[in-house]
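The values are calculated or read from the model by the stated rules, or taken from the named source; none is laboratory data. A quick note: this is a predicted structure, and the numbers were derived from the prediction, not measured. Counting neighbours? That spans all protein chains shown, and the Cβs are built from the backbone with ideal geometry, glycine included. Keep in mind that these areas ignore ligands, DNA and RNA; they rest on the heavy atoms of the full protein, side chains included. Shrake-Rupley method; radii C 1.70, N 1.55, O 1.52, S 1.80 Å.
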Amino acid sequence: SLNIDAVTRIAKEAARAESETLEVAGVTLGGGADSEYVEVLVNVNGCSASPCQVSVGTFRDLSESALRVEIARKLREHLDSHRS
């Protein structure tokens with residue numbers, strides 16, 4: 001499993017690739033220290049419609065590339081829902 005530092009780095013890379021308005025605020029374990037589940041908190045800078053902070057849930061037992069794709073997809077879905 002990826003550690004929290006690796007998940008944070010990957011989440012920041014994915015957020016930066018999706019939009020310059022996205023900023024990772026933090027990553028937390030969901031369900032305790034042994035859990036594979038993590039929540040990535042992302043602030044949407046310049047946000048005009050709530051929510052301006054998004055929580056992306058994922059699992060840290062993915063490969064780096066799979067985790068990056070998963071986080072990017074979920075952030076893109078959020079951004080797209082605010083554009084429509």
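Pick from E36, E64, E23: which is in contact with a Phe, Trp or Tyr (Cβ under 8 Å, 6 or more places away or on another chain) and of a type in the set (D, E)?
Testing whether each residue is in contact with a Phe, Trp or Tyr (Cβ under 8 Å, 6 or more places away or on another chain) and of a type in the set (D, E) leaves just E36.
Criterion first (assigned to a helix (DSSP H, G or I), loosely packed, with under 15 Cβ neighbours inside 10 Å and without any contact (Cβ under 8 Å) to a residue 12 or more places away in the chain) does D5 satisfy it?
Against the criterion (assigned to a helix (DSSP H, G or I), loosely packed, with under 15 Cβ neighbours inside 10 Å and without any contact (Cβ under 8 Å) to a residue 12 or more places away in the chain), D5 qualifies.
Only one residue in G46, G32 is in a loop (DSSP other than H, G, I, E, B) and open to solvent by 70 Å² or more (accessible area, probe 1.4 Å). Which one?
Checking each option against the conditions leaves just G46.
Are there any pairs with C-beta distances below 8 angstrom linking a residue in region 22-36 that is free of Cβ contacts under 8 Å to residues at least 40 places away in the same chain to a residue that is hydroxyl-bearing (S, T, Y) and open to solvent by less than 60 Å² (accessible area, probe 1.4 Å), with the two at least 6 apart or on different chains, and if so which?
V24/T8; G26/T8; V27/T8; L29/S35
For V54, work out the one condition from (1) open to solvent by 30 Å² or more (accessible area, probe 1.4 Å); (2) in a strand (DSSP E or B) it doesn't fulfil.
Among (1) open to solvent by 30 Å² or more (accessible area, probe 1.4 Å); (2) in a strand (DSSP E or B), V54 violates only (1).
Looking only at region 16-27, which residues are loosely packed, with under 13 Cβ neighbours inside 10 Å and at pLDDT below 95?
Answer for region 16-27, where residues must be loosely packed, with under 13 Cβ neighbours inside 10 Å and at pLDDT below 95: just E20.
Looking at (1) in a helix (DSSP H, G or I); (2) open to solvent by 50 Å² or more (accessible area, probe 1.4 Å); (3) within 17 Å of D5 (Cβ to Cβ); (4) not hydroxyl-bearing (S, T, Y), find the lone condition where I71 falls short.
Going through the list (1) in a helix (DSSP H, G or I); (2) open to solvent by 50 Å² or more (accessible area, probe 1.4 Å); (3) within 17 Å of D5 (Cβ to Cβ); (4) not hydroxyl-bearing (S, T, Y), I71 breaks only (2).
In region 57-68, what residues are of a type in the set (D, E, K, R), surrounded by fewer than 18 Cβ atoms within 10 Å (Cβ to Cβ) and closer than 17 Å to G30 by Cα?
D61 - this is the single residue of region 57-68 that is of a type in the set (D, E, K, R), surrounded by fewer than 18 Cβ atoms within 10 Å (Cβ to Cβ) and closer than 17 Å to G30 by Cα.
Evaluate the following for S65: is it more than 12 Å from the chain's Cα centre (by Cα) and part of a helix (DSSP H, G or I)?
Yes, satisfied.
Got a sec? Which of E39, E13 is open to solvent by 30 Å² or more (accessible area, probe 1.4 Å) and in contact with a helix residue (DSSP H, G or I) (Cβ under 8 Å, 6 or more places away or on another chain)?
E13
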